[in-house]
Amino acid sequence: MGAVALVGYQMADDPGPVPHRPTASTGDNPVVLENRAAGSKSWALGHGGTRGVDDKSAQVQGYASKTSVSPGESIDFHVASHVAQNCTVAIYRVGHYGGVGARHLMTGEPVPVRPRPRPRADATTGLIACDWPVTWTLTVPTEWVSGIFLAVFTGKDGHRSYTPFVVRDTSRRSDILVVLPFATYQAYNIWPLDGRTGKNLYKGYTADGQVGGSAERAFKVSFDRPYAQSGMPRWFEMDTSAARWAESEGFDVTYASSVDLHEGRIDLSRYTAIVFSGHDEYWSGPMRDRAEKAVAAGTHLAFLASNNIYFHIRVEPAADGRPNRVVTCYKEAPDPDAGPAGPTVRWRALGKKHREAEQGLLGTQYNGILKKPAPLVVRESGHWFWAGTGLRDGDTIPDLIAVEADGFDPSMPRPADSTRTLLSRSPYVDSLGRGRKIQNTGLCENAVGTLVFVAGTFHWPLALSQRGHVDPHVRRATKNLLTRMLEPRRQ
């Protein structure tokens with residue numbers, strides 16, 4: 001087959017019904033007009049003499065009542081401070097805005113905040129959940145454009161922190177839906193990082209105040225708490241970098257959170273393409289079911305990072321019954337409430353013969369952690385994906401393979417009735433002592449032309465617009481990919 005490896009592909013006289021893929025209409029969309037507005041850097045830490053916060057002192061921190069909200073709906077913010085003082089909550093939308101990166105939309109009147117109790121971890125599950133009262137409520141104006149938003153908390157004493165949320169717009173079918181990995185944000189959130197209390201799904205503190213491992217970690221984590229330190233989730237910049245680039249290119253995009261995907265609030269099949277812009281490791285069964293149904297319906301998927309769909313989770317209610325406020329994952333420990341969906345383990349450990357391995361949808365899967373970045377080594381340079389980059393087989397993009405990597409595993413399931421193209425073959429040394437590994441950027445195309453792309457590295461979305469990482473080859477290849485996805489279906 002030359003450039004394209006044939007994977008489980010069978011020609012038939014009658015291939016059956018062809019999925020209906022929504023027709024793209026990129027160019028005439030609210031994102032273009034929105035990004036003509038004046039940007040502002042006043043959200044940034046240090047602006048106006050503002051200072052960051054730490055979890056030991058907790059100078060000013062808060063959390064949101066939802067991961068996403070529609071125009072016309074309300075979202076609450078729960079804010080606490082190390083001393084009684086007034087605090088403002090300002091709202092910014094992340095975008096291109098002529099390279100400035102965000103737009104100031106409003107600042108509320110100062111509201112009183114004061115110290116709040118720091119909850120103890122549940123002795124059985126490690127769950128840490130705050131019960132702080134509502135400090136400030138935002139009713140989202142109907143004219144606000146769907147996007148990534150920041151609530152910026154600034155105390156009168158000059159300390160500042162953040163919490164992100166999404167304004168979605170399910171009433172309008174954009175060409176591309178960008179899904180932010182809020183479940184994964186919370187999995188990594190170790191608030192409070194105070195030397196004694198904090199836990200996430202990886203680690204917690206030992207009795208002597210050291211950061212421990214699996215013996216100290218939580219099995220459940222709550223959205224009802226701030227993100228650690230100044231409030232930016234770990235690897236949030238992957239998502240903001242991708243969003244700023246997509247909006248600078250004029251793509252017609254709307255946004256949603258992974259909790260929206262879990263809840264079924266969004267119908268993926270309405271969109272021409274779905275972009276998972278960041279580190280999207282933690283997926284519930286409903287999330288995966290909906291992604292697979294979208295592909296079957298003709299919707300393209302693009303995963304711009306690596307280590308996607310790795311852990312199977314449950315998304316559970318808070319203690320007071322509010323839905324979808326807790327992410328549960330027992331991993332290697334026995335799961336006491338597995339239920340019909342199966343235990344919360346790695347997806348590739350579900351079912352017989354690894355039949356639920358993420359490669360069955362993605363075409364590649366996580367295979368290692370890098371101690372330091374390695375170059376991406378180009379493969380299949382004649383493919384349309386690399387068109388206009390000037391790259392040839394064997395050429396490299398420095399430091400593009402970083403943090404975690406994906407590759408093709410011939411022993412694992414693969415997408416049925418699809419061709420698979422491996423667009424890179426990048427050697428690296430695994431930092432956990434598992435030897436030499438190969439990273440692959442992969443693209444699968446099924447019998448009716450639906451594409452599933454996986455970049456296979458954390459630095460791919462950063463290369464789109466993050467300062468210090470921008471690479472023109474990655475920008476061009478990603479534009480080639482999304483442009484191809486938005487073309488009319490080929491007969």
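Of note:
- Yes/no for Trp43 being open to solvent by less than 60 Å² (accessible area, probe 1.4 Å), over 24 Å from Asn324 (Cβ atoms) and touching a residue at least 60 places away in the same chain (Cβ under 8 Å): yes
- Extreme residue, least open to solvent (accessible area, probe 1.4 Å), among residues of region 323-359 that are more than 30 Å from Ser68 (Cα to Cα) and assigned to a helix (DSSP H, G or I): Ala349
- Segments classed as strands (runs of 3 or more DSSP E), wholly inside region 67-165, with at least 1 members that are surrounded by fewer than 17 Cβ atoms within 10 Å (Cβ to Cβ): 74-81, 85-94, 102-107, 111-113, 136-139
- Exclusive hit being under 23 Å from Ser277 (Cβ atoms) and either polar (S, T, N, Q) or open to solvent by 10 Å² or more (accessible area, probe 1.4 Å) (or both), set Arg425, Arg484, Arg414: Arg484
Listed here are the residues, each with its yes/no results for (1) part of a loop (DSSP other than H, G, I, E, B); (2) surrounded by 18 or more Cβ atoms within 10 Å (Cβ to Cβ).
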position: Leu361; (1), (2): no, yes
position: Leu376; (1), (2): no, yes
position: Glu380; (1), (2): yes, yes
position: Gly394; (1), (2): yes, no
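- Complete set of residues in region 296-312 that are surrounded by fewer than 23 Cβ atoms within 10 Å (Cβ to Cβ) and over 20 Å from Met238 (Cα atoms): Ala296, Ala297, Gly298
The values are calculated or read from the model by the stated rules, or taken from the named source; none is laboratory data. Remember, it's a predicted structure, so these values are computed and weren't measured experimentally. Here Cβ is always computed from backbone atoms with ideal geometry, including for glycine, and neighbour counts include all displayed protein chains. Areas reflect the complete protein model, heavy atoms only, side chains present, ligands, DNA and RNA absent. Shrake-Rupley method; radii C 1.70, N 1.55, O 1.52, S 1.80 Å.
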